[in-house]
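Before any comments, here is the structure.
Throughout, read-outs are computed from the coordinates displayed, never taken from laboratory work. Quick caveat: nothing in here was measured; it's all calculated off a predicted structure. Glycine also receives a Cβ, built like all others from the backbone with ideal geometry; neighbour counts cover every protein chain displayed.
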Amino acid sequence: TIFGPIFGKPSPNVKNVERENSVRKSEKRAARLIVIRRRKMRKHKLRKLRKRMKFEWLKVRQRRELKKEKLFQAELLNQIKDAEKFSAEAYVASKLRQATDVPIPRFWKGKRLPQFIIKQKLGIE
């Protein structure tokens, strides 16, 4: 029997075993339920948050897009200004000057030397 001989109380060994068994069973069942319940609550709270914050987030998104649009327009204006500054005559003149220039050699008598020393040896400048 589960009751001890004295005063009809349950014996301590049997009580501990029964308690451990019941705890194990309830833990296994409840653990999964708690996980499911938490997931449902998170989903519920997220849904509420989205409903509550929908228009605030929309404002933030619109401000962000407006800022991007302003930066893009400013960049386009800068490109237009650069294009207006461009001179085809000056560009062609610089390219012709580069084509007619004689490059300074990098080597002097088989040795690689800095430009300024080679210019001194050649008597340029």
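Side notes on the structure shown:
- For q = 0.17, 0.18 Å⁻¹, Debye-computed log10 I/I(0) when each Cα of the stretch 47-125 counts as one equal scatterer: -0.86, -0.89
- Over the Cα atoms of the stretch 31-72, the radius of gyration divided by the Kirkwood radius equals 1.36; this is the Rg/Rh ratio.
- The H on the amide N of Trp108, modeled in the peptide plane, is under 5 Å from the matching H of Leu113, each at least 5 residues off or on a different chain.
- For the pair Leu96 and Ile117, a Förster radius of 30 Å applied to the C-beta separation gives a FRET efficiency near 0.55, rounded to the nearest 0.05.
- Using the Karplus relation 6.51 cos²θ - 1.76 cosθ + 1.60 with θ = phi - 60°, the per-residue 3J(HN,Hα) values for the stretch 90-99 come to 5, 4, 5, 4, 5, 5, 5, 4, 5, 6 Hz, with x marking Gly and Pro.
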